[in-house]
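Read the structure below first, then the notes.
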Amino acid sequence: PTCRSARALGLRMLLSLLYTLGVALAPLPLRRSRTALPRMCDQSSLSQPAQADAADAADALALHRRLKLRSEVEDEFGRALKEGLEVCAHSLRLYGPARVVTSFNGGKDAVAILHLMRAALAAHSEAAGGPRERLRVIFFEQRDEFPEVDAFVRDAVERYDLELCTYSDGFAAGLESCIAEHGSAAFVLG
């Protein structure tokens, strides 16, 4: 198989594993009103543990343990999962949670990366012995975005207590703005 088909197979397997492990992948019921996503994330809310949901922290840590266990299986998926968790963990170790941003557009790749980063951040926070920090995600708004995608992103932000940064001025300009506003040093894309 080609790299592209192997990658697609790996993502399907990861999504299947996340589903099997009980990770909620489906959006919450759609909201009736179509309101725009918040324009900017609040820098002061990044590391306030009082805002971080303890149940989500426990869920993300349990997810990390299950993913880590599965990554130890010597097969193609186990190796890919191990590599994915290591990349996420290294980004957090090298740059710190406050300087790592995860791209989240609601697509299947982004959902897989979101859960890998949630799990890696929970393990990173536990190992550091400090309070759990919120995962910062970046979303590039599109004028013609499907309402279901918009709702899914908003619901995931709420469900997992994510810090959302939205930009509507394109990918490159949005990344530049995120770097300028938050000192972001690493972007994790799916």
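The values are calculated or read from the model by the stated rules, or taken from the named source; none is laboratory data. These figures come from a predicted structure and were not determined experimentally. Backbone-built Cβ (ideal geometry, glycine too); neighbour counts: all protein chains shown. What goes into the accessible areas is simple: the full protein's heavy atoms, side chains included, and nothing from ligands, DNA or RNA. Shrake-Rupley method; radii C 1.70, N 1.55, O 1.52, S 1.80 Å.
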Which one of these is among the charged types (D, E, K, R) and over 27 Å from residue 83 (Cβ atoms): 163, 141? 141
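Looking for something among the small types (Gly, Ala, Ser) and open to solvent by less than 40 Å² (accessible area, probe 1.4 Å) - is there at least one such residue anywhere in the stretch 141-151?
yes
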Out of 144, 150, 169, sole residue that is over 22 Å from residue 68 (Cα atoms), of a type outside the set (S, T, N, Q), part of a helix (DSSP H, G or I) and modelled with pLDDT under 90: 150
Within the stretch 104-125, can you find the residues that are open to solvent by 10 Å² or more (accessible area, probe 1.4 Å) and not in a helix (DSSP H, G or I)? 105, 106, 107
